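> Quick one: the structure is below, and I'll ask about it shortly.
The values are calculated or read from the model by the stated rules, or taken from the named source; none is laboratory data. Given the structure is predicted, the values throughout are model-derived calculations rather than measurements. Virtual Cβ from ideal backbone geometry, glycine too; neighbours counted across all protein chains shown. Note: accessible area is taken over every heavy atom of the protein model, side chains too, but ligands, DNA and RNA are not part of it. Shrake-Rupley method; radii C 1.70, N 1.55, O 1.52, S 1.80 Å.
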Amino acid sequence: PSFSCRLNGSLSAHPEKDELILFGGEYFNGQKTYLYNELYVYNIRKNSWSKVEIPNPPPRRCAHQAAVVPTAGGQLWVFGGEFASPDGEQFYHYKDLWVLHLATKTWEQIKASGGPSGRSGHRMVACKRQLIIFGGFHESARDYIYYNDVYAFNLDSFTWSKLAPSGIGPAPRSGCQMATTPEGGIIIYGGYSKQRIKKDVDKGTLHTDMFLLKTEGAGREEDKWAWSRLNPSGVKPTPRSGFSIAIGPNNRSLLFGGVHDEEEEESIEGDFFNDIYFYDIGKKRWFPGQLKGPKSEKRKRRRGRPGEAEGAGDEEMEKQPPQGPVEIVKEVVAEDGTVMTIKQVISGPAEEKERSESEEDEEDGALGQQVEPCPRSNAMLAVKHGVLYVYGGMFEVGDRQFTLSDLYSIDLHKMEEWKVLVEMDPKAQEWLEESESDEEEDDMEGAEGGEEEEESSEEESEDEGGEEQHPSVQPDEKHADYLSRTEQYWIKLARSNMGPDAKEKKVVKVAHAMAKTFYEDSV
C-alpha cells in the first residue's frame, strides 16, 4: 500500500463485508513522530489496501480504541488515544468519542458528558448494547497516572455512566487484554503499569493476573456489576507488555507477540515475541497456539523416510530440507542507505538434537522453514471468518526502533501455517540519528524476500557484492583454517545482527554458520 509503516493504530473487521478497517496510528523514525487520522481498508478477497477519503475525521491519534457494532450497516466506534507533535513538544490525551457510519461513510462526533477522562492504552469492547472502557493511562510533562476505572456508553440512549463494581478488581494498568464472554461478562488479563519509587526513578510492572467483571442483569445501567478474580488452568502466556489481542472462533480470546523488557539502570533491552496464546473462555484455560504445519509436511514427518510420498509433488518436498542450518535473512534499509540485516538461523535436521537451547529452536527445527511474522510488539490484529490478520507493529535492534508494514494471516481453525499477504517494504524503513556509524552494519544486497528464498539469499547476496566485503577465502585454504583466521570478523558481524542481548554461545554458533556458508559458496 502507499502508506507507511505504523503501530498503535486500530484494525477492525467490517461486520458485513470482507474488509478490515485501519484507523490512525503512529510512526517514529528516530527524530520525528508522525500521527495519522486516515482510514485505510484492506480488501480480503483482492488482497489490496486502499485509502478511503471521508471528510471531517477525528484528529490524528494513536493508542486509541475502536470497536465495531453491526447496527445500521455497521458502525466503528473510536474513543480516546493520544497526540504528539512531530518534535514531541506538544503531547496530550483525547477523551472524545466518534462513530464512523460504515454504510454512509460518514464520521460523527458524539458529544455526551460524564465519560472517561483523557487517556490512551485503555481497552474498549462492545458488550450487549454498550461500549465498556477499562483502564489506560494519562501522562503530562511532570507526572503520569494509570487507571482501573470502568465506564459504559449506552448505544441506545447515547449516555455515559461510570460503573462502581463490588469486589476487588485489577490494579491500575494499560495495554491489558479485554474480552467479552457469551453471558455478557468481561475478562481482563495482564497489562503494564509503572510507579515512581523515588525522584526520577520509575519501576515498571508486567501484570499477569486475570479478572472477570460481570453483571447480574441484562446489561442496563442500573445493573449491579461485580469483579472477581479468575484462576485459569493451562499454560499462561509468559510475562510481556505490548501484546495484541483479538477474539477468535470457538469462544476463545487470543493474544499475539509483545515484548519483555529487562529494565537495567540505563537501558531497556527487549525480548520480542511472535507467539500466540489462546484463552478458552468457557473452560477458563490458557494454551499456546502450536502450528501443525501443512498437511503433506505432516505425513512426511511422521513416516520420516523419503520415497513413499504420494505424487511427485511430495517427493520434491522430500529432497528439499538441507542438512545444515539455514539462515533466514530479513533486511531493512534505512533512508541513508544503511542496511540492518536481521538473521534468524534455523537448524536443519542434522543439528536438531543439540539445538534445544530454546523453544524457538526446537519449533523451527520441527517445522522446517516456515514463513512467520518476525517478533514484534504493538501490532494490530483483526479476525474475520476465523482467520487472524496481523498488521504492522514494531521491534528494536539495539537502540533503533523499526516500525513494520507487513500483513500476515493464519487460519485459527486449522492452525497450519502463517501466510504472508503483504511483505515488508524495506524502502519504507528509515532511522535518523544525529551521527551515523556505519561500521557495524553489514550490507548484503539481494537478500530481500528472505522468506521464499532462504537458501539462495546467501549466494545472491555474495554475488551482488555489498559495499562491505567479507574476508575472502585464500587459494586451497581449508575450512578450519579459514574459520580460525576470520572467526572474530564473523562473531562481530553476528553480534551486530543479533543485538547486544544475544547469548554468546548463540552468537558464536550463528557466526560459524555464516562463515561456513560463505566458505562453501566461495570454494
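> Among the residues of segment 93-120, what is the count of those that are farther than 24 Å from residue 148 by Cβ and of a type in the set (Ser, Thr, Tyr)?
Residues meeting the conditions: 2.
> Then there's this: Assuming residue 101 fulfils every condition listed in (1) open to solvent by 30 Å² or more (accessible area, probe 1.4 Å); (2) closer than 14 Å to residue 138 by Cβ; (3) not aliphatic (A, V, I, L, M) apart from one, which condition is it?
(2)
> Report yes if residue 86 is at pLDDT below 95 and either within 28 Å of residue 52 (Cα to Cα) or assigned to a loop (DSSP other than H, G, I, E, B) (or both), otherwise no.
yes
> Among what's in segment 136-147 and is under 15 Å from residue 83 (Cβ atoms) and not in a strand (DSSP E or B), pick the residue that is least open to solvent (accessible area, probe 1.4 Å).
140
> Could I ask something else about it? Which of the residues belonging to segment 17-53 are within 27 Å of residue 130 (Cα to Cα), in a loop (DSSP other than H, G, I, E, B) and open to solvent by less than 20 Å² (accessible area, probe 1.4 Å)?
24, 25
> Can you list residue pairs whose Cβ atoms sit under 6 Å apart, with the first residue in segment 150-163 being modelled with pLDDT of 95 or more and the second being open to solvent by 30 Å² or more (accessible area, probe 1.4 Å) and part of a loop (DSSP other than H, G, I, E, B)? Count only pairs 6 or more apart in sequence or on different chains.
155/129; 156/129; 158/112; 159/112; 160/112; 160/114; 161/221
> Within segment 71-90, which residues are surrounded by 13 or more Cβ atoms within 10 Å (Cβ to Cβ) and more than 25 Å from the chain's Cα centre (by Cα)?
71, 73, 74, 75
> Collect the residues in segment 482-508 that are in contact with a strand residue (DSSP E or B) (Cβ under 7 Å, 6 or more places away or on another chain) and charged (D, E, K, R), keeping them in residue-number order.
501
> Could you grab the pairs with beta carbons closer than 6 Å, sequence gap of 6+ or different chains, first residue in segment 380-405 and farther than 28 Å from residue 262 by Cβ and open to solvent by less than 20 Å² (accessible area, probe 1.4 Å), second one outside any strand (DSSP E or B) and not acidic (Asp, Glu)?
Within 6 Å, the pairs are 386/249; 386/412; 386/413; 388/412.
> State which residue is surrounded by the fewest Cβ atoms within 10 Å (Cβ to Cβ) when the search covers only segment 483-510 and only residues that are under 21 Å from residue 374 (Cβ atoms) and of a type in the set (A, V, I, L, M).
502
> Also, quick follow-up: Step by step: first the residues of segment 467-523, then only those that are part of a loop (DSSP other than H, G, I, E, B) and among the hydrophobic types (A, V, I, L, M, F, W, C), then the one that is nearest to the chain's Cα centre (by Cα). Which residue is that?
502
> Say whether the condition of being free of Cβ contacts under 8 Å to residues at least 40 places away in the same chain, more than 28 Å from the chain's Cα centre (by Cα) and on the phi < 0 side of the Ramachandran plot is met by at least one residue in segment 166-185.
Within segment 166-185 (the criterion being free of Cβ contacts under 8 Å to residues at least 40 places away in the same chain, more than 28 Å from the chain's Cα centre (by Cα) and on the phi < 0 side of the Ramachandran plot), the answer is yes, since at least one residue qualifies.
> Mind listing whichever residues of segment 117-135 are open to solvent by less than 20 Å² (accessible area, probe 1.4 Å) and assigned to a loop (DSSP other than H, G, I, E, B)?
Hits for segment 117-135 are 118, 119, 121, 122.
> Another question about this same structure. State all residues of segment 170-184 that are outside any strand (DSSP E or B), within 13 Å of residue 124 (Cα to Cα) and open to solvent by 10 Å² or more (accessible area, probe 1.4 Å); if no residue qualifies, say none.
175
> Quick check on segment 185-201. Is at least one of its residues in a strand (DSSP E or B), modelled with pLDDT of 95 or more and of a type in the set (Phe, Trp, Tyr)?
The answer is yes; a qualifying residue exists.
> Still on this structure: In segment 252-285, which residues are modelled with pLDDT of 95 or more and either of a type in the set (Gly, Ala, Ser) or surrounded by fewer than 15 Cβ atoms within 10 Å (Cβ to Cβ) (or both)?
Listed by number, the residues that qualify are 253, 257, 258, 282, 283.
> Right, something else. Just to verify a result, which residue in segment 60-70, among those that are of a type outside the set (Gly, Ala, Ser) and under 17 Å from residue 27 (Cβ atoms), is surrounded by the fewest Cβ atoms within 10 Å (Cβ to Cβ)?
60
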